[in-house]
Amino acid sequence: MSQRSVLLGTEAWPNAGRGHHARLATVGDALRARGWQVIQPPADSTPRLAPRTDRLGDGSFAETMAGFGLDDTEGMKARMEGWMLHLGAALPDLVIADLSPHLVLAARDRFPVLTVGNGFFLPPPGLSPLPALPGLGAPRIDQDRLLAGINTVLDDFGRPALSRLSEVMSGDRPMVMVPEPLDPYRGQRAIPRHDVILPPGVHGRGTGGSAIFAYASGSTPMAQRVHIAEAMTLLSQPRIAVLPDLPAQVAGRLHDSGTRLIQHNLPLADIAAQARLVVHTGSLGLAAAMLHAGVPQLALHTDGEKSLTAAALAEIGVGKQMRLDTMPPVPEVAEAIRKASMDRSMQAAAAAQACAPWTDPIPALVAAAEDLAA
């Protein structure tokens, strides 16, 4: 039997989508260990999602797709052509896409496509229209017009039309990896949901930490990173912060306050072992990992996906939430962090979540890959 090949792709920007890149790297390692040839083009040679320029909010996933550039037919064509060059050169037996709508559409009806991702970026493919998401405002996009534009581009490339917008992200088989409480479409899926990929030492680990751990990625606006840093300086508990590229004066004040400032990401297992509270901006990947670890969380959220994650954490009692994009006074942010770090009911709820079983999704993913490539 000849060696099977798989092309892995994501359109997430490296600075803002580390979780997508890390997930694909883990998937690639798993398939490589089983004898697959793994083709993962360098990030600087593949198309990227259009940068978001609006700040009007995503009332439904249709607004998110439009923000990714799917309402720009010329931009869509250019991104799909970029992927077609890679597909034509590799001729893979399978494509695995993570937050990569243009790759999914470029491979449509030419190569089998397995999509992986969290609950937000993989809406159920049978949904039509895409529903309004709770707490995110009114939808603004004409979904019929958006679908018609996408189908025009597909027709230009000789690809079959989509029946509904929810099919854009799904490929031939979507594999949703998200804890049920954090899935914005829970109760609406006809396919199985899988647990998230966790590195060793995370599940159930968060029971003895003492530090407040704050994280914001480089894609978080600098003013908001500074806001979190200034709040951390007002606290007395042990503190660790991953807040990249802070201005020197702010970093100096943070250091002088006794906060350990780190410029690189810490392994999730280390965070779970050291933290009594994780403060983040609503990152679903970090939220899911800490949910399985049993660490309480405070989500200082800013936009659609992150706001949904923050609300879900609060709903099940393992987290608190606070809007950060409104720039509340620094002392209020510091007090919210302090109270969350001392909340015994939240600690008990997080510990209970850590006792829930976790099933490694990699065997199911490998089985799906082998089935699609057969």
message: If I go through the stretch 169-194 residue by residue, how many of them are under 22 Å from Glu63 (Cβ atoms) and of a type in the set (A, V, I, L, M)?
response: 4
message: What's the number of the only condition in (1) crowded, with 22+ Cβ neighbours inside 10 Å; (2) free of Cβ contacts under 8 Å to residues at least 12 places away in the same chain that Glu335 fails to meet?
response: (1)
- line: Here the residues within the stretch 255-273 that are modelled with pLDDT of 95 or more, outside any helix (DSSP H, G or I) and of a type outside the set (Val, Ile, Thr) are Ser257, Gly258, Arg260, Leu261
query: Of all residues in the stretch 315-332, which are closer than 11 Å to Ala299 by Cα and buried (at least 17 other Cβ atoms within 10 Å of the Cβ)?
result: Val318, Gly319, Lys320, Gln321, Met322, Leu324
query: Based on what the data block shows, is Val318 touching a strand residue (DSSP E or B) at 6+ places or on another chain (Cβ under 9 Å) and free of Cβ contacts under 8 Å to residues at least 40 places away in the same chain?
result: yes
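One line per residue, one yes/no per condition, for (1) in a loop (DSSP other than H, G, I, E, B); (2) free of Cβ contacts under 8 Å to residues at least 24 places away in the same chain; (3) within 22 Å of Met327 (Cβ to Cβ):
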| residue | (1), (2), (3) |
| --- | --- |
| Pro199 | yes, no, no |
| Ser217 | yes, no, yes |
| Thr220 | yes, no, yes |
| Ala231 | no, no, yes |
| Val250 | no, no, yes |
| Arg253 | no, no, yes |
task: Quick one: in the stretch 341-374, of everything that is in contact with a helix residue (DSSP H, G or I) (Cβ under 7 Å, 6 or more places away or on another chain) and either among the small types (Gly, Ala, Ser) or modelled with pLDDT under 95 (or both), which residue is surrounded by the most Cβ atoms within 10 Å (Cβ to Cβ)?
output: Ala369
- prompt: Any chance the stretch 132-146 includes a residue that's among the basic types (Lys, Arg) and either crowded, with 19+ Cβ neighbours inside 10 Å or touching a helix residue (DSSP H, G or I) at 6+ places or on another chain (Cβ under 7 Å) (or both)?
  reply: yes
- prompt: Which condition number does Pro181 fail, the rest of (1) in the same structural domain as Phe61 (by TED's automatic domain parsing); (2) under 21 Å from Leu284 (Cα atoms); (3) loosely packed, with under 15 Cβ neighbours inside 10 Å being met?
  reply: (3)
- prompt: Just checking, which of Ser45, Ser60 is assigned by TED's automatic domain parsing to the domain that holds Pro181, among the small types (Gly, Ala, Ser), buried (at least 16 other Cβ atoms within 10 Å of the Cβ) and at pLDDT below 95?
  reply: Ser60
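The values are calculated or read from the model by the stated rules, or taken from the named source; none is laboratory data. Owing to the predicted nature of the structure, the values given are computational and were not obtained by experimental measurement. Note that we place each Cβ from the backbone using ideal geometry, even for glycine, and neighbour counts take in every protein chain shown.
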